[in-house]
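The structure appears below as structure tokens.
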Amino acid sequence: MARYDRAITVFSPDGHLFQVEYALEAVRKGNAAVGVRGTDTVVLGVEKKSTVKLQDSRSVRKIVNLDDHVALACAGLKADARVLINKARIECQSHKLTVEDPVTVEYITRYIAGLQQKYTQSGGVRPFGLSTLIVGFDPYTNVPSLYQTDPSGTFSAWKANATGRNSNSMREFLEKNYKETSGQETVKLTIRALLEVVESGGKNIEVAVMTKEGLRQLEETEIDVIVAEIEAEKAAAEAAKKTPSMQT
Amino acid sequence: MECVFGMVGKGFALVVADTSAVNSILVHKSNEDKIMVLDQHKLMGASGEAGDRAQFTEYIQKNVSLYQFRNGIPLTTSAAANFMRNELATALRKNPYQVNIVLAGYEKETGPSLYFIDYIATLHKVDKAAFGYGSYFALSMMDRHYHPDMTVDEAIKLADQCIEEIRSRLVVAPQNFIIKIVDQDGAREHSWRRTTKE
């Protein structure tokens, strides 16, 4: 048994990496997170569990910035997230130090995905149990981007995506309702997607908006205002659906 | 013949540096900015070996940024100064950086501060500091005219007197100088003192 137990992530007879798939299960149990890309904004929204009364909520920031122009939200094991985020932050500064340019969103996504993949093919380690949503603006071109990575180390760019709990319902909603938006409309679309699976209210949602000026976390009061707008629009749409049938 | 000097005033700190980049008898350029803005409220004027200057100051700046991203708040000026000193000291007995630094910073809690950090990792918190051949003239001028709690205008006037002294008394005086200031509104360029256009 001396050297045959080094590797933890090994292939199954039918070509699966079970450890990676179990990691994806861990992601599915994590908090819902959604990201939507607009023409001049990218918005991240994360579910916040409001059951913990004594906890100081300011110490639990779910949406973090990796650099002035890149931010990350994740679903899954938060302790694993800390490690990945720390390494990504170091890489952002290291890149600036060696090439005098901030990272592009694709570069740092590739770096994080590369790290996640390394941990599926190394001795004595398990994969990271989280999927990330990475948003940002590329330096100089100011093109907005949204990327997603997962425990297997794959990554791709998205117009809108969701991960974590009930991500399928959110993704379905986004597929039905996505259109090119900008500014406040992008924020509203993100919150509407989150509200599909989360109890409504500013207390249960954390939202951050990335523009080419940088990342801005929305206050609870701001979110409440937008949620109220959305509820009003929903109620108006319901009412409009009912009245035509009454007139015939 | 590089010179960097600085002083603390009422609610602000000033750093002045020459802007010449020289290689033996050749002047590469006369508009080299040697005062790096470390973060929102810190200025670092550096003089010495050009390669070491760039390498060391950029390394410090990226580490100061990293601290801010990791912890959500910026480093204090004192912490940044001590971090720099430690890096210089660690490299000293192996592969020393030949860089002299004047670090100026502003914090709401403690106000403006100035640190003298030389290439062999000496660290002093001071009200006025200077490096280079110009320091003989700048320090003497500041010893005579400096007083605590100067206004910006008084400090600029004193800086001008130092520059004037350096220009007239130093055999190969630098052509241009840059002045940067840091106060509660942040760290920024204040003005230039030019004799050549480039």
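Details
- Pick from region B:61-96, criterion touching a Phe, Trp or Tyr at 6+ places or on another chain (Cβ under 8 Å) and in a loop (DSSP other than H, G, I, E, B), ranking: nearest to residue A:63 (Cα to Cα): B:74
A quick yes/no check of all residues on (1) in contact with a strand residue (DSSP E or B) (Cβ under 7 Å, 6 or more places away or on another chain); (2) of a type in the set (S, T, N, Q):
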| residue | (1), (2) |
| --- | --- |
| A:158 | yes, no |
| A:186 | yes, yes |
| A:196 | no, no |
| A:208 | yes, no |
| A:216 | yes, no |
| A:228 | no, no |
| A:238 | no, no |
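- Filter pass, residue B:43 being crowded, with 20+ Cβ neighbours inside 10 Å, more than 14 Å from chain A (Cβ to nearest Cβ) and touching a Gly at 6+ places or on another chain (Cβ under 9 Å): yes
- Restricting region A:47-69 to residues that are more than 14 Å from chain B (Cβ to nearest Cβ) and among the polar types (S, T, N, Q), the residue that is farthest from residue A:212 (Cα to Cα) is A:51.
- Against the numbered list (1) within 20 Å of residue A:38 (Cα to Cα); (2) of a type outside the set (Asp, Glu); (3) in contact with a Ser or Thr (Cβ under 8 Å, 6 or more places away or on another chain), residue A:140 comes up short only at (3).
- Scope region A:83-118; condition in contact with a helix residue (DSSP H, G or I) (Cβ under 7 Å, 6 or more places away or on another chain), closer than 24 Å to residue B:60 by Cα and among the aliphatic types (A, V, I, L, M); matching residues: A:84, A:88, A:90, A:97, A:103, A:108
- Hey, residue A:53 modelled with pLDDT under 95 and under 16 Å from the mean Cα position of the chain (by Cα) or not: no
- Exclusive hit being within 14 Å of another protein chain (Cβ to nearest Cβ), in contact (Cβ under 8 Å) with a residue 60 or more places away in the chain and either loosely packed, with under 14 Cβ neighbours inside 10 Å or within 14 Å of residue A:135 (Cα to Cα) (or both), set A:72, A:44: A:72
- Residue list for region A:96-124, filter: in a helix (DSSP H, G or I), within 14 Å of chain B (Cβ to nearest Cβ) and within 27 Å of residue A:160 (Cβ to Cβ): A:108
- Scan of region A:77-92 for residues that are in contact (Cβ under 8 Å) with a residue 24 or more places away in the chain and either within 12 Å of another protein chain (Cβ to nearest Cβ) or surrounded by 18 or more Cβ atoms within 10 Å (Cβ to Cβ) (or both), ordered by number: A:77, A:80, A:81, A:84, A:87, A:88, A:92
- Filter result for the condition that a residue is at pLDDT below 95 and in contact with a strand residue (DSSP E or B) (Cβ under 8 Å, 6 or more places away or on another chain), over B:48, B:105: B:48
- Residue within region B:97-108 that is of a type outside the set (A, V, I, L, M), touching a helix residue (DSSP H, G or I) at 6+ places or on another chain (Cβ under 6 Å), assigned to a loop (DSSP other than H, G, I, E, B) and away from chain A (no Cβ under 14 Å) present: yes
- Test: residue in region A:1-21 that is touching an Asp or Glu at 6+ places or on another chain (Cβ under 7 Å) and among the hydrophobic types (A, V, I, L, M, F, W, C): no
The values are calculated or read from the model by the stated rules, or taken from the named source; none is laboratory data. Please read all numbers here as calculations on a predicted model, not as lab measurements. As a convention, Cβ positions derive from the backbone with ideal geometry for all residues, glycine included, and neighbour counts pool all protein chains shown.
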